[in-house]
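What follows is a set of notes on a single structure, which appears directly below.
The values are calculated or read from the model by the stated rules, or taken from the named source; none is laboratory data. Note that the coordinates shown come from a computational prediction; the quantities given were computed from them, not determined experimentally. Every residue, glycine among them, receives a Cβ derived from its backbone with ideal geometry; neighbour counts consider all protein chains shown.
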Amino acid sequence: MLLEKATEFINTMYDELDYSQEEKTKRLNEIENEINESGTYRHTTEELTYGARMAWRNSNRCIGRLFWETLIVQDARDVESNEAFIDAINTHLKEATNGGKIKSYITVFSQDNPPTIYNNQLIRYAGYEDKGDPAEKEITQLAEHLGWQGEGTDFDVLPLIYKLPHENQMRMYELPSELVLEVPIEHRNYPRLKELGIKWYAVPIISNMDLKIGGITYGTVPFNGWYMVNEIAVRNFTDSYRYNLIEKVADAFEFDTLKNTSFNKDRIVVELNDAVYHSFKKNGVSIVDHLTAAKQFEHFERNEEHAHRKVTGKWSWLVPSLSPTLVPNYHHGYSNEMREPNFFYKKKAEKQGCPFH
């Protein structure tokens with residue numbers, strides 16, 4: 001089975017990169033010998049890089065796949081010590097953030113003995129009983145159990161909780177504030193919104209998925225793209241099981257009613273998107289609006305058709321949560337077939353959304 005998956009991957013990659021049949025055959029023979037001797041094989045750096053990019057290209061829930069070829073891969077497969085692990089994490093944060101000009105970035109740790117990261121994302125806000133992000137209550141309690149104490153605000157950056165290979169004890173690492181870029185949210189026409197003190201971090205670095213390439217599973221692969229605006233403004237800020245800010249924002253906007261027939265809830269969502277987009281741009285931080293993202297996905301579909309590749313997708317995640325009928329992919333479906341290479345949610349994270357956003 002492993003050799004079959006490896007062969008499928010090598011054939012696809014080497015064909016796409018115009019390697020000769022002789023080069024492909026030589027590499028497949030090397031892999032077969034390695035599997036026969038050890039039961040597994042090790043990707044070259046080029047295979048790891050292209051495989052990770054293909055995984056993004058195959059990510060059914062991601063609307064931002066047009067840029068799959070730009071993914072930067074940090075090969076951290078030989079990392080074992082705490083110092084090397086922290087250095088790899090800090091490098092990822094620094095390089096991906098890039099002063100606000102966000103780069104798509106992935107760090108790939110060992111296939112055999114990777115460190116374990118317990119956070120859903122490298123950067124996330126704590127969730128308390130009456131403050132913060134309700135989605136992060138469990139990891140917040142774990143951090144507190146390990147001795148961490150937040151300030152008790154709505155936007156306390158959680159420490160990274162991890163375990164090194166060959167160690168049984170969890171460790172904690174407080175991310176350096178200079179490596180965590182945050183954007184305060186304001187609105188050009190509703191100045192009282194700024195008084196709420198809401199903000200969001202710039203880079204969504206997913207850390208709860210497996211990367212599978214050619215039969216090899218990499219269990220620790222933090223990676224990121226950049227935000228689509230409604231992921232913050234609609235899902236994070238207004239979902240009832242997240243920050244649930246509808247009423248607070250209505251007060252800041254001086255809306256006198258939230259009755260369904262007033263359409264003020266709809267206005268709040270639109271204006272929050274405007275506020276988030278404006279705030280990110282004002283601070284020089286990369287972000288994309290949902291209509292532009294949909295256009296980019298159209299371009300991706302055309303590119304894939306030209307390359308004779310079928311586009312798969314999960315419709316409910318490719319259609320944005322704001323004004324979905326305004327984007328072209330609302331009007332047709334996709335096969336949700338999962339092809340490899342790809343990213344796969346771990347069991348506790350199966351209900352999460354788009355990998356790269």
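Key figures
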{"item": "Among the residues listed as THR238, THR257, THR261, THR292, the single one being in contact with a Leu (Cβ under 9 Å, 6 or more places away or on another chain) and of a type in the set (Ser, Thr, Tyr)", "result": "THR238"}
{"item": "Qualifying residues in the range 323-342 (those that are among the hydrophobic types (A, V, I, L, M, F, W, C) and in a loop (DSSP other than H, G, I, E, B)) - the one nearest to GLU69 (Cα to Cα)", "result": "MET338"}
{"item": "Conditions (1) under 23 Å from HIS299 (Cβ atoms); (2) part of a helix (DSSP H, G or I); (3) free of Cβ contacts under 8 Å to residues at least 60 places away in the same chain: number failed by ASN11", "result": "(1)"}
{"item": "Any helices (runs of 4 or more DSSP H) falling wholly within the range 248-322 and containing at least 3 residues that are in contact (Cβ under 8 Å) with a residue 60 or more places away in the chain", "result": "264-282, 290-306"}
{"item": "Residue satisfying all of: in the range 51-88; among the hydroxyl-bearing types (Ser, Thr, Tyr) and closer than 28 Å to VAL229 by Cα; surrounded by the most Cβ atoms within 10 Å (Cβ to Cβ) among these", "result": "SER59"}
{"item": "Index of the failed condition, ARG309 passing every other in (1) crowded, with 16+ Cβ neighbours inside 10 Å; (2) under 24 Å from LEU17 (Cβ atoms); (3) at pLDDT 90 or above", "result": "(1)"}
{"item": "Residues of the range 209-253 classified as polar (S, T, N, Q), surrounded by fewer than 19 Cβ atoms within 10 Å (Cβ to Cβ) and either more than 21 Å from GLU136 (Cβ to Cβ) or in contact with a Lys or Arg (Cβ under 7 Å, 6 or more places away or on another chain) (or both), total", "result": "1"}
{"item": "Flag if ILE86 is hydrophobic (A, V, I, L, M, F, W, C) and within 29 Å of TRP317 (Cα to Cα)", "result": "no"}
{"item": "Extreme residue, surrounded by the fewest Cβ atoms within 10 Å (Cβ to Cβ), among residues of the range 1-50 that are touching a Gly at 6+ places or on another chain (Cβ under 9 Å) and among the acidic types (Asp, Glu)", "result": "GLU4"}
{"item": "The listed residue being at pLDDT 95 or above, more than 20 Å from the chain's Cα centre (by Cα) and crowded, with 17+ Cβ neighbours inside 10 Å, out of GLY150, GLY197", "result": "GLY150"}
{"item": "Single condition PHE263 does not satisfy, out of (1) of a type outside the set (Val, Ile, Thr); (2) at positive phi; (3) touching an Asp or Glu at 6+ places or on another chain (Cβ under 8 Å)", "result": "(3)"}
{"item": "Residue pairs meeting the criteria (Cβ under 6 Å; at least 6 apart or on separate chains; first touching a residue at least 40 places away in the same chain (Cβ under 8 Å) and in a loop (DSSP other than H, G, I, E, B), in the range 46-69; second hydroxyl-bearing (Ser, Thr, Tyr) and surrounded by fewer than 24 Cβ atoms within 10 Å (Cβ to Cβ))", "result": "ASN60/THR312"}
{"item": "Total residues in the range 328-350, condition modelled with pLDDT under 90 and either farther than 16 Å from ASP210 by Cβ or hydroxyl-bearing (Ser, Thr, Tyr) (or both)", "result": "6"}
